[in-house]
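Colleague: Starting off with a structure, shown below.
The values are calculated or read from the model by the stated rules, or taken from the named source; none is laboratory data. Everything numeric in this text was worked out from a predicted model, so none of it was measured. Every residue, glycine as well, gets a Cβ built from its backbone with ideal geometry; the counts of neighbours run over all protein chains shown. For the accessible areas, the whole protein counts, side chains as well, though only heavy atoms, and no ligand, DNA or RNA atoms are used. Shrake-Rupley method; radii C 1.70, N 1.55, O 1.52, S 1.80 Å.
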Amino acid sequence: METLPILLELQGIHENLRVIERDLTAFPPDVAKLDGELKALAKRKEAQAKELSETQAKAAKLNQELKLAQRLEDHARADLKLATQKVQYTAAIRELDSRERQKVAIAKPLHEAETRIAALTQDLAALEATQVQTQTQFDELKQVFLSEHENQVAAREVNQARQKELEAQLDASLLARFTKLLAQRQGRAVVPVENGNCTGCRTKMRIPLLAELRAKGTLACEFCQRILFLPDRQ
């Protein structure tokens, strides 16, 4: 199967889709404002969800430490009851006092963490409600906008369908390489050789590689890795 025509058509389709997507995301001010608000809300939710997760982990650790501190305090209190001599009693009192202070030292940051968890949970719920409301408004206005650009929407569907047809005809490894090059090389994965130069990176090809290109039909540029072809072989 000759892959060059497929790759060239597929590259053209990607370019068409980029142009169409640019047109379909050039929202009027009211839609653009809502789009910006949605992105800001998503960013805030992500940051607060991360803080919530970290605070919950901190609270869980402090809870474990508090349980241990409580057991040690209970043990110290039991030792105090069993003390029969003055020296033992004094030592037991010191130990109990130390364990009580240790528990208080843990309880304070735990309380702060639990308070913060409650506040973050409430904030996230409010953000979620705002996001749902904003998303509904955005979707309604966007639908109106898209209905006014029916030609571009239809063209996108046609191009996407053809894209799937062409991709199905390519070997998986070649498709992966082509897709990666499109992303890395500003949408120009397949380029012609003109006057012995790669038109992608303007590098002069070595004579042996030109001969190999003529024989094979396509070849990777040894500098930019784009897929090269000779115009007369297209």
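Colleague: Which residue, of LYS108, LYS86, is charged (D, E, K, R), closer than 19 Å to ALA60 by Cβ, exposed (fewer than 15 other Cβ atoms within 10 Å of the Cβ) and without any contact (Cβ under 8 Å) to a residue 40 or more places away in the chain?
Modeller: Only one candidate qualifies: LYS108.
Colleague: Just checking, how many residues over the range 46-71 are touching a residue at least 24 places away in the same chain (Cβ under 8 Å) and open to solvent by 50 Å² or more (accessible area, probe 1.4 Å)?
Modeller: Counting residues in the range 46-71 that are touching a residue at least 24 places away in the same chain (Cβ under 8 Å) and open to solvent by 50 Å² or more (accessible area, probe 1.4 Å) gives 6.
Colleague: Follow-up question, since we're still on this one. Here is a check on your reading of the model: is LYS67 over 33 Å from the mean Cα position of the chain (by Cα) and over 30 Å from LYS43 (Cβ atoms)?
Modeller: So LYS67 passes the test.
Colleague: Is there any pair linking a residue in the range 126-142 that is farther than 15 Å from GLY36 by Cβ to one that is outside any helix (DSSP H, G or I), with Cβ under 7 Å and at least six apart or on different chains, and which?
Modeller: none
Colleague: Of all the residues that make up the range 180-212, how many are open to solvent by 70 Å² or more (accessible area, probe 1.4 Å) and part of a helix (DSSP H, G or I)?
Modeller: Looking only at that region, the number is 5.
Colleague: Name the residue, out of ASP79, ASP123, ASP74, that is under 26 Å from the mean Cα position of the chain (by Cα), open to solvent by 60 Å² or more (accessible area, probe 1.4 Å) and of a type outside the set (Val, Ile, Thr).
Modeller: On inspection, the qualifying residue turns out to be ASP123.
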